[in-house]
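The values are calculated or read from the model by the stated rules, or taken from the named source; none is laboratory data. From a predicted model like this one, the values you see are computed outputs, not experimental measurements. Counting neighbours? That spans all protein chains shown, and the Cβs are built from the backbone with ideal geometry, glycine included. All accessible areas refer to the heavy atoms of the entire protein, side chains included, with ligands and DNA or RNA removed. Shrake-Rupley method; radii C 1.70, N 1.55, O 1.52, S 1.80 Å.
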Amino acid sequence: MTAAPNDTQDDRHLDIIANHDKVLIIDFGSQVTQLIARRVREAGVYCELAPFQNAEAAFKELNPKAVILSGGPCSVTDEGSPRAPQAVFDAGIPILSICYGQQTTAVQLGGQVEGGHAAEFGRADIEIKEKSALFDGLWEIGRRYPVWMSHGDRVTRLPEGFSVKAVSENAPFAIATDETRRIYTTMFHPEVVHTPDGAKLIANFVHKIAGLKSDWTMAAFRGEAVKSIRAQVGEGRVLCGLSGGVDSSVAAVLIHEAIGDRLTCVFVDHGLMRQGEAEQVVSLFRDHYNIPLVHVDASAMFLGALDGVTDPEVKRKTIGKLFIDVFDAEAKKIAADGRGAPQFLAQGTLYPDVIESVSFTGGPSVTIKSHHNVGGLPERMNMKLVEPLRELFKDEVRALGRELGLTKAFVDRHPFPGPGLAIRIPGAITREKLDILRKADAIYLDEIRKSGLYDKIWQAFAVLLPVRTVGVMGDGRTYDHVCALRAVTSVDGMTADFFPFDMNVLGRCATRIINEVKGINRVVYDVTSKPPGTIEWE
């Protein structure tokens with residue numbers, strides 16, 4: 001989809017971040033580059049990612065006080081492989097180079113990188129050889145510490161001025177630094193949770209080495225965003241497309257704080273939400289916040305369009321197109337209410353949505369999620385975008401929601417996909433299947449809450465599998481659906497592992513679902529893990 005013209009988006013973005021210390025992360029295509037940004041933000045410092053192709057322009061525009069070079073899938077030894085802008089090395093600011101970043105730093109500053117050596121993928125131990133400001137207060141000389149490696153090439157000669165601070169079995173320069181020029185390089189990935197002290201190491205870099213302030217807070221962002229929204233919208237009117245999720249809800253409450261009743265929310269109920277969720281959204285906005293809300297029950301339209309559709313990507317695109325059509329029709333009705341047509345569309349676009357919709361290197365990080373639809377509406381609607389959350393990650397949005405007074409139960413809800421239950425019913429969708437799945441899903445979540453486990457799980461949901469099995473219930477045989485239960489733990493949303501339920505909890509879930517939900521006679525638990533870089537959950 002093509003975004004409507006919005007000439008002042010960059011100016012508003014720069015206004016919000018103008019008073020903050022900033023870090024630029026140059027992305028060479030690593031599947032976990034986002035995690036570097038998360039670690040920097042967790043340290044209270046604002047940062048942005050830029051693909052290496054645009055890094056020079058981003059460096060000039062952002063004027064960062066420090067730079068981090070990411071890993072990547074390329075080999076520095078290949079002709080035409082990516083490089084960092086020379087301006088970064090000439091600026092005299094602190095640099096942290098990770099994996100591929102270490103290798104290109106070495107080559108660009110006069111060192112050497114070779115392939116053909118033993119690779120390291122996965123867990124490794126490094127031994128500390130010398131002190132460094134990078135791990136000051138964390139690691140001691142002579143001791144060994146676990147890290148996460150992912151490299152084939154290795155640095156074989158360091159540039160002048162660099163010294164070895166740590167080694168591993170297959171990385172003679174696991175940490176190499178030029179303390180005078182404040183250039184710090186690691187062959188391992190400190191950003192992933194598999195490097196236990198990695199977040200502290202990155203915090204050391206931004207605070208102790210670069211001297212940056214922890215001034216990126218949601219309390220500060222709230223005030224800055226309100227001013228920015230008021231400056232952008234002026235006396236205009238805004239439409240906000242509510243999905244019922246956390247992102248669009250937080251955006252709506254923030255915009256309402258800025259412009260009051262010149263905001264109208266449109267909640268398109270596609271009939272694919274979890275049990276009771278549509279009622280919760282309507283109650284929250286109409287009763288608790290008193291925000292003008294148009295509730296459109298378009299379930300018959302959506303289910304009609306999805307009749308017989310089995311491909312999950314076709315489901316997503318069908319739902320996305322219908323959202324646009326329904327929203328367009330409602331916008332025209334609102335424009336006729338005597339107060340004039342809305343000039344702005346509000347969306348809950350997040351920073352990961354923005355960077356995942358930009359082609360970086362053609363590597364694993366270029367996954368564009370079709371259900372994000374960044375840019376939202378076609379040009380025919382002639383509306384400018386208001387995206388007050390586009391600088392934020394998901395956990396920051398939750399923190400902002402709490403800052404705005406949204407309830408814990410609403411803000412901390414597990415992620416729910418835009419297409420809803422449509423992609424949790426593999427195969428064709430029917431009202432009967434939706435009713436069955438809603439009941440099973442509600443029981444599953446109820447038992448998780450009763451067991452005190454909801455907040456320990458990153459996401460839990462039920463899936464109605466496209467198979468039926470024969471079973472015996474009482475004195476009769478059944479031929480009904482199989483329900484799969486999934487629950488994953490995650491620190492960052494990039495890697496995940498199945499939640500290790502006590503079998504008593506799973507037993508209660510299965511017993512209730514089979515006894516209370518007509519149409520299910522078997523329950524299974526999914527124990528699949530998600531490897532690094534996986535960002536889809538359904």
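Matching residues to (1) over 22 Å from the mean Cα position of the chain (by Cα); (2) under 11 Å from Leu134 (Cβ atoms); (3) not in a helix (DSSP H, G or I):
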{"residue": "Thr180", "(1), (2), (3)": "yes, no, yes"}
{"residue": "Tyr184", "(1), (2), (3)": "yes, yes, yes"}
{"residue": "Val192", "(1), (2), (3)": "no, no, yes"}
{"residue": "Thr195", "(1), (2), (3)": "no, no, yes"}
{"residue": "Phe205", "(1), (2), (3)": "yes, yes, no"}
{"residue": "Ala220", "(1), (2), (3)": "no, no, no"}
{"residue": "Gly223", "(1), (2), (3)": "yes, no, no"}
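Among the polar types (S, T, N, Q) and either surrounded by 21 or more Cβ atoms within 10 Å (Cβ to Cβ) or under 29 Å from the mean Cα position of the chain (by Cα) (or both) - does that describe any residue in segment 158-165? Among the residues of segment 158-165, not one is among the polar types (S, T, N, Q) and either surrounded by 21 or more Cβ atoms within 10 Å (Cβ to Cβ) or under 29 Å from the mean Cα position of the chain (by Cα) (or both), which makes the answer no. Considering the conditions (1) out of contact with any helix residue (DSSP H, G or I) (no Cβ under 6 Å at 6 or more places or on another chain); (2) part of a helix (DSSP H, G or I), Gly236 is excluded by exactly one of them, (2). Scoring Asp125 on the criteria (1) surrounded by fewer than 21 Cβ atoms within 10 Å (Cβ to Cβ); (2) assigned to a loop (DSSP other than H, G, I, E, B); (3) not aromatic (Phe, Trp, Tyr) leaves a single failure, condition (2). Taking (1) surrounded by 16 or more Cβ atoms within 10 Å (Cβ to Cβ); (2) closer than 26 Å to Thr33 by Cβ in turn, Val233 satisfies each apart from (2).
Residues in segment 319-344 that are part of a helix (DSSP H, G or I) and either free of Cβ contacts under 8 Å to residues at least 12 places away in the same chain or out of contact with any Pro (no Cβ under 9 Å at 6 or more places or on another chain) (or both): Lys321, Leu322, Phe323, Asp325, Val326, Phe327, Ala329, Glu330, Lys332, Lys333, Ala335. Out of contact with any Lys or Arg (no Cβ under 7 Å at 6 or more places or on another chain) and in contact (Cβ under 8 Å) with a residue 12 or more places away in the chain: is that true of Gly234 in this structure? In short, no. Given the structure, is Ala305 in contact (Cβ under 8 Å) with a residue 12 or more places away in the chain, open to solvent by 30 Å² or more (accessible area, probe 1.4 Å) and not polar (S, T, N, Q)? Yes, satisfied.
Each row is one residue, and each column tells you yes or no for (1) touching a residue at least 60 places away in the same chain (Cβ under 8 Å); (2) closer than 20 Å to Cys47 by Cα.
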residue: Leu158; (1), (2): no, no
residue: Ser168; (1), (2): no, no
residue: Pro172; (1), (2): no, no
residue: Thr180; (1), (2): no, no
residue: Tyr184; (1), (2): yes, yes
residue: Phe188; (1), (2): yes, no
residue: Glu191; (1), (2): yes, yes
residue: Ala199; (1), (2): yes, yes
residue: Ile202; (1), (2): yes, yes
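Taken over segment 304-323, the residue count meeting the criterion of being among the acidic types (Asp, Glu) and within 12 Å of Ile423 (Cα to Cα) is 2. For segment 236-247, the set of residues classified as closer than 16 Å to Pro342 by Cβ and surrounded by 17 or more Cβ atoms within 10 Å (Cβ to Cβ) consists of Arg237, Val238, Leu239, Cys240, Gly241, Leu242, listed by residue number. Of the listed requirements (1) touching a helix residue (DSSP H, G or I) at 6+ places or on another chain (Cβ under 8 Å); (2) open to solvent by 10 Å² or more (accessible area, probe 1.4 Å); (3) not aliphatic (A, V, I, L, M), Phe221 misses just one: (2). Scanning segment 200-218 for residues that are crowded, with 16+ Cβ neighbours inside 10 Å and at pLDDT below 95 yields Trp216, Met218. Pairs are defined by a Cβ separation below 6 Å, a sequence spacing of at least 6 or placement on different chains, a first member in segment 500-528 that is in contact (Cβ under 8 Å) with a residue 40 or more places away in the chain, and a second member that is assigned to a loop (DSSP other than H, G, I, E, B); the pairs so defined are Val505/Ser451. Within segment 105-119, can one find any residue that is at pLDDT 95 or above, touching a Phe, Trp or Tyr at 6+ places or on another chain (Cβ under 6 Å) and either among the aromatic types (Phe, Trp, Tyr) or surrounded by 15 or more Cβ atoms within 10 Å (Cβ to Cβ) (or both)? No, segment 105-119 has no match at all.
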